[in-house]
């Protein structure tokens, strides 16, 4: 049996006026998902336990069968694992975004763009390397990641009550108070000031400005935490396989879960990602192992940007270029498989941030199931199917055990 978990990050939404009152999932052409969903079981899964932030870190940890209450320590440690950065017990990892902010006066700071115009990986690497050369020391180390997503490792303790916020939750909003919180850590104000000075005059930013693109004019630190203690999926469930994503967070989960993390050339985490490369990589994993997770970031990114039509496109591309090709190839191979299509959380375009609502998904089994839903895959259809069946909303851990047909070994 092969187990296939396909995640359209942030794919869930609510009715959008500009889409004639439909959600992007309802508005998009999704023939592959709809065909499977009609023959599948529909489920609602609470990927974000009560009291936890509705981020992709908590949600995807749940979707892989790990209870956040037991395993979650923060987002950045997962990204550190992806980058091969070993955290000492006294070290704390922070996600380090390259962002574009504006200072309209009166000392205020506004978060204009959490991604610096989706800066390229090559451009951002040059910027992070320049910052490391100027700011790196025995307490602070910077590591380049993908696009705007990078890593800072801090050796020290955090003050009681210290907390950060993700920049994508505060687009076009005043973030002055959040920025002031960094002053609680002695090493951070000099770092942030030096970073702003270096970024302002860096050739990469001068060229972006010349081309009319947004510059990366500041860094934003968030998602802090220490390395979690996680046993592998093979140890817990007896399955082996791989993970395919453009996002360091997901790659880190794969590393800590003992999966083979496949790097796909041209995987960007946006609408221009290499969908075909991801689909083929998944099929290559399934040729030798029994589990694969494919994660696509584009629906979430377009949700954060408030772009309804682009989110529709992202969902349609996920269906046409990921779900369809993988299923068609598996059917040609003639091997039995179980497949889940889901989102990790909602990212409504009108809110431009995450919601912690239970996520709708379907579980397809190529051998057939006793009571197929007969419905296409939409948020409303899944909710109606679950109500009609009388089944309860599942936790992430309960869902994963059901998916792979075995209980966790601790």
### Summary
To the nearest 0.05, the calculated FRET efficiency linking residue 351 and residue 121 through their beta-carbon distance, R0 being 25 Å, is 0.35
#### Entry: Using alpha-carbon coordinates, inclination of helix 275-288 to the longest axis of the chain, degrees
60 degrees
### Query
Once fully extended, how much extra length lies between residue 35 and residue 198, figured as 0.36 nm per residue of separation less the alpha-carbon to alpha-carbon distance?
53.4 nm
## Note on the structure
Relative contact order of the chain (C-alpha contacts under 8 Å, at least 6 apart) in percent is 33 percent
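Counting only DSSP beta bridges with both residues in the chain, tell me the antiparallel percent, nearest 5.
Of those bridges, close to 60 percent are antiparallel.
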### Query
With a Cα-only, solvent-free Debye model of the stretch 258-297, what are the log10 I(q)/I(0) values at q = 0.26, 0.29 Å⁻¹?
-0.90, -1.06
### Task
Compute the Rg to Rh ratio over the stretch 91-225 from the alpha carbon atoms, using the Kirkwood formula for Rh, and round to two decimal places.
0.94
### Query
Using 15 Å as the cut-off for backbone N distance, which residues of the stretch 221-235 belong to the label zone defined by a point 7 Å from the Cα of residue 182 along Cα→Cβ?
221-224
#### Entry: Coarse-grained scattering of the stretch 29-97 at q = 0.26, 0.28 Å⁻¹, given as base-10 log I(q)/I(0) from a Debye sum over alpha-carbon atoms
-1.14, -1.22
### Query
Using alpha-carbon positions, what is the distance between the centroids of the stretch 239-254 and the stretch 137-173, in Å?
21 Å
### Message
Just the number: Rg to Rh for the stretch 18-150, Cα atoms, Kirkwood Rh, two decimals.
### Response
1.07
### Task
Using just the alpha carbons, could you tell me how many Å³ per residue the convex hull of the chain encloses?
139 Å³
### Query
Where does helix 379-389 land angle-wise versus the long Cα axis of the chain, in degrees 0 to 90, nearest 10?
50 degrees
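Applying 1/(1 + (r/R0)^6) with R0 = 51 Å to the Cβ-Cβ distance of residue 406 and residue 20, what FRET efficiency is obtained, to the nearest 0.05?
0.70
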### Query
What is the helix-to-structure angle for 308-318, meaning the angle in degrees between its Cα long axis and the longest Cα principal axis of the chain, kept from 0 to 90 and rounded to the nearest 10?
60 degrees
### Förster-model FRET efficiency, 56 Å R0, residue 367 and residue 213, C-beta, rounded to 0.05
0.65
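All of the numbers you see were taken from the coordinates with simple rules; none came from a lab. Computed from a prediction, not measured in an experiment: that's the story for all the values here. When we count neighbours, we look across all protein chains shown, and the Cβ atoms used for this are built from the backbone with ideal geometry, even at glycine.
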